[in-house]
2 protein chains.
Amino acid sequence: MDKPEAAKLGWKVLESGVPYENPWIRLRSDRLKAPGRGEFPYTYVQHPGGVLVVPRTDSGDLLLIRQYRYPVDQWCLEVPAGGMHGESDAAVVARKELREEVGASCRELRQVGRFFVSNSLMDEVCRVFLALGCRRDQPQRLEVPEFIEVVATPLEEALEMARDGRVQDGKSALALLMAEKALRGGG
Amino acid sequence: MDKPEAAKLGWKVLESGVPYENPWIRLRSDRLKAPGRGEFPYTYVQHPGGVLVVPRTDSGDLLLIRQYRYPVDQWCLEVPAGGMHGESDAAVVARKELREEVGASCRELRQVGRFFVSNSLMDEVCRVFLALGCRRDQPQRLEVPEFIEVVATPLEEALEMARDGRVQDGKSALALLMAEKALRGGG
């Protein structure tokens, strides 16, 4: 069993299946039995995990990006991010997304946080990286259907936008606020 | 067409279907055609939207909750929250979740934020409410399979835990940080 806390609670998996799967999304559906609760189903999205990168230049700007997101039909302000698909080292994915989505490299990369995206519907865990000394020294390399504009934003304005909802993407807003202390600490 | 921004980009929905649906989760799958990009599929979770409530007592504590989350197999520190299933007024859902999950009522409720949970995989929008003057004046009313412990937490400690990842649930952490300014402003 891959869920030790569930086992401690006496939950048993009676049946497990994958009712839907494509290269981007995979549903897992379990039939569970729990003490005093009988049998019930639980279906959720299985996800390999993701990384979010907060890129700071030496002049003090954050390199945010703006991109169109089909599910919510909006252009959203975000930080560069990507999934762990087939890669086990989160720092490698962080550098790759910074390179591809922003066209930037960094002098230093460190993890500053970690959170679950939506713990009742998905198992996705996101790791937050702070990238210091970023320089836009190469062209973006975008996959279809990405179209991404880089928006250099002063630190204080970016943090304010994370707090007031102008960074509409919640994962990006939280990444910025989890990085706040390290960002202010210099580096 | 329910996606005006997509239409502005010249995207066309060639086909739309629901490959999976149960009472808690619904997948929508579209076949799209976009200028210069040809045809491609997009599958995402359709969600009625949710509310998150940051409950503050007059003594200055926040009423957090701890609950077991099966997809991530962890006991997570969170704020009370729930989905809009069948209800159009977010404030009504906020008061209901505060009552059911914490056993509390509040003197004042106001919206302090709004964000997309995971804009590439879901259309869920979460509204963040600040509940002031909260009192635990009734029993919790929990639905199976919820088991929820209320954890009264001093304001500064709760905000610190949101920033450093001890509030493992990202939606709750962001709700706390979006409410920070209003929380400090008193009320």
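The values are calculated or read from the model by the stated rules, or taken from the named source; none is laboratory data. Treat the numbers as computed from the prediction; the structure is a model and nothing was measured. Methodologically, a virtual Cβ is constructed for each residue, glycine included, from the backbone with ideal geometry; neighbour enumeration extends over all protein chains shown.
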**Request:** Filter the range A:107-153 for residues that are under 20 Å from B:VAL72 (Cα atoms), of a type in the set (A, V, I, L, M, F, W, C) and more than 8 Å from chain B (Cβ to nearest Cβ) and give the result.
**Result:** A:VAL128
**Residue count for the range A:73-84, restricted to those that are charged (D, E, K, R) and either surrounded by fewer than 19 Cβ atoms within 10 Å (Cβ to Cβ) or assigned to a loop (DSSP other than H, G, I, E, B) (or both)** = 1
**Asked** Just for the range A:33-54: of the residues that are without any contact (Cβ under 8 Å) to a residue 24 or more places away in the chain and not charged (D, E, K, R), which one is nearest to A:VAL93 (Cα to Cα)?
**Response** A:TYR42
**Asked** Assuming B:TYR20 fulfils every condition listed in (1) aromatic (Phe, Trp, Tyr); (2) under 30 Å from A:ALA7 (Cβ atoms); (3) modelled with pLDDT under 95 apart from one, which condition is it?
**Response** (3)
**Asked** Within the bounds of the range A:132-149, is there any residue that is under 15 Å from the mean Cα position of the chain (by Cα), in a loop (DSSP other than H, G, I, E, B) and either within 26 Å of B:GLN168 (Cα to Cα) or modelled with pLDDT under 95 (or both)?
**Response** no
**Item:** The one condition in (1) touching a Phe, Trp or Tyr at 6+ places or on another chain (Cβ under 8 Å); (2) surrounded by 15 or more Cβ atoms within 10 Å (Cβ to Cβ); (3) assigned to a strand (DSSP E or B) that A:ALA94 fails to fulfil
**Value:** (3)
**Request:** Evaluate the following for B:GLY113: is it surrounded by fewer than 22 Cβ atoms within 10 Å (Cβ to Cβ) and in contact with an Asp or Glu (Cβ under 9 Å, 6 or more places away or on another chain)?
**Result:** no
**Test: A:GLU15 is more than 29 Å from A:GLU156 (Cα to Cα), of a type in the set (Asp, Glu) and at pLDDT 95 or above** = yes
**Request:** Kindly indicate whether any position in the range A:50-72 is under 20 Å from B:ASP73 (Cβ atoms), surrounded by 15 or more Cβ atoms within 10 Å (Cβ to Cβ) and touching a strand residue (DSSP E or B) at 6+ places or on another chain (Cβ under 7 Å).
**Result:** yes
